[in-house]
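Written out below as structure tokens is the structure these notes cover.
The values are calculated or read from the model by the stated rules, or taken from the named source; none is laboratory data. Predicted, not measured: the structure shown is a model, and the values here were computed from it. Glycine also receives a Cβ, built like all others from the backbone with ideal geometry; neighbour counts cover every protein chain displayed. These accessible areas exclude ligands, DNA and RNA; they are computed on the full protein's heavy atoms, side chains included. Shrake-Rupley method; radii C 1.70, N 1.55, O 1.52, S 1.80 Å.
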Amino acid sequence: QVQLVESGGGLVQSGGSLRLSCVASLRYFNNYVMAWYRQAPGNQRELVADITGGLHGGKTKYADFVKGRFTISRDNAKNTVYLQMNNLQPGDTAVYYCHADGTNGIVGSRELYWGQGTQVTVSS
């Protein structure tokens, strides 16, 4: 079975940092686009950052509201994607979700997976 296991959330003060990790039990992890989303109470789930997979993987994109503060990265040898969050602000408070989008190797297949979410709370 596929499982995305997240860790690293917590409570920090404004200006602090956290590093989120997501370990994915995906056989073809290298081929998946990995992403971090977040959702605050009463709001839609929104894309924070993603990172491509495959032969030319490692290309990143960021939402404007985190650009320059957050960094997404992946370690394919460890089946892990990270989100380094610096200079956190109260507006970053949300549940952060790991997401995988790719193939299990079957022609025409597409697999989408979500982590359980981890709470990030930033106090002022």
Given the options Ala35, Ala49, Ala63, which has the most mean-square fluctuation in a GNM of the chain, springs set between C-alpha atoms less than 10 angstrom apart?
Ala63
Contour minus Cα-Cα span, His56 to Thr103, at 0.36 nm per residue, comes to 15.3 nm
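Largest first, what is the accessible-area ranking of Leu47, Leu112, Leu83, Leu55 with a 1.4 Å probe?
Order by accessible area, largest first: Leu55, Leu112, Leu47, Leu83.
In whole angstrom, how long is each semi-axis of the equivalent ellipsoid of the chain, when you take the square root of 5 times every eigenvalue of its Cα gyration tensor and sort them from largest down? Don't skip to the answer; put the middle values down first.
On the way: eigenvalues 133, 39, 31 Å².
Computed over the chain, the values are 26, 14, 13 Å.
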Per-residue SASA entry for Thr118, accessible area with 1.4 Å probe, Å² rounded to 10:
20
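Looking at the stretch 33-124, which chymotrypsin sites (Phe, Trp or Tyr not before Pro) are DSSP coil and have at most 15 other C-beta atoms within 10 Å of their C-beta? Could the numbers behind the result be given before it?
Working: sites: Trp36, Tyr37, Tyr62, Phe65, Phe70, Tyr82, Tyr96, Tyr97, Tyr113, Trp114; in loops: Phe65.
Those that pass, being in a loop and sparsely packed, are Phe65.
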Karplus-derived HN-Hα couplings along the stretch 40-54 (A = 6.51, B = -1.76, C = 1.60, θ = phi - 60°), whole Hz, x at Gly and Pro:
8, x, x, 10, 6, 6, 10, 6, 9, 6, 9, 9, 7, x, x
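Given 0.36 nm per residue, what is the gain on full extension from Ser124 to Arg45 after removing their alpha carbon distance, in nm?
Details: separation 79, 0.36 × 79 = 28.44 nm, distance 2.29 nm.
Stretched fully, the Ser124-Arg45 segment lengthens by 26.1 nm.
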Please list Arg27, Arg69 in order of solvent-accessible area, largest first, computed with a 1.4 Å probe with all protein chains present.
Arg27, Arg69
